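For reference, the structure discussed in these notes is given below.
The values are calculated or read from the model by the stated rules, or taken from the named source; none is laboratory data. Given the structure is predicted, the values throughout are model-derived calculations rather than measurements. Using ideal geometry, Cβ is built from the backbone for each residue, glycine included, and neighbour counts are taken over all protein chains shown. Accessible surface areas use protein heavy atoms only, side chains included; no ligands, DNA or RNA. Shrake-Rupley method; radii C 1.70, N 1.55, O 1.52, S 1.80 Å.
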Amino acid sequence: MSSAATLVRLARQRCSRRVLQHSTTSVRAFSVSAALSADPWLLPNTPEHVEKTTSPADAPAPTPLPRPGEPVAQMRARLVYQSRKRGTLESDLLLSTFAQERLATMDESELHEFDKLMDEPDWDIYYWATGKRAPPERWANSRILEKLREHVRNEGKVVRRMPDLS
């Protein structure tokens, strides 16, 4: 038997002895305070998270940065980047794959509408797109938000991953 195999066999014997020795003892928590405090990071799509991340109904629309004379090609490039670098992985994945699939075929008015949508808070966009929350009146009849919802439904069951930045 090789020396490596002997070492593995001895390690297994030691581990099994420890398990047997400790199996009769009581289990003790590592931290007393861990049980007392709740997890501050709520999971997305839970009722608590939806409630905590809801923007006030009377919140005004975000004021977009003025970009006078921005060429359409530059706007597309900026929107590709902004759709990927949102701040939450859920929004990054939805918006970047949407931008990868649809941005090249959008006309200028749709690009401006998508640009305005990108100014909204991440979780609002996420929950409007997934249908967990109704959008405010300013987005109720949006063609872009409807296209995003269609993308999120993923009826073709496409496996999506974050697109590469080129």
Legend entry - Residue match in segment 43-50 (condition: open to solvent by 100 Å² or more (accessible area, probe 1.4 Å), at pLDDT 80 or above and assigned to a helix (DSSP H, G or I)): yes
Legend entry - Close pairs from segment 76-100: first at pLDDT 90 or above, partner of a type in the set (Lys, Arg), Cβ under 6 Å, at least 6 apart: Asp92/Arg84; Asp92/Arg86; Ser96/Arg84; Thr97/Arg160
Legend entry - Subset of segment 151-166 [open to solvent by less than 90 Å² (accessible area, probe 1.4 Å) and either out of contact with any helix residue (DSSP H, G or I) (no Cβ under 9 Å at 6 or more places or on another chain) or at pLDDT 90 or above (or both)]: His151, Val152, Asn154, Gly156
Inset, instruction - Could you check how many residues of segment 105-131 are open to solvent by 30 Å² or more (accessible area, probe 1.4 Å) and either outside any helix (DSSP H, G or I) or under 12 Å from Leu94 (Cα atoms) (or both)? - result: 6
Legend entry - Top-ranked residue of segment 132-145 - restricted to ones that are touching a helix residue (DSSP H, G or I) at 6+ places or on another chain (Cβ under 6 Å) and part of a helix (DSSP H, G or I), ranked as surrounded by the most Cβ atoms within 10 Å (Cβ to Cβ): Ile144
Legend entry - Single condition Leu95 does not satisfy, out of (1) out of contact with any Leu (no Cβ under 7 Å at 6 or more places or on another chain); (2) open to solvent by 40 Å² or more (accessible area, probe 1.4 Å): (2)
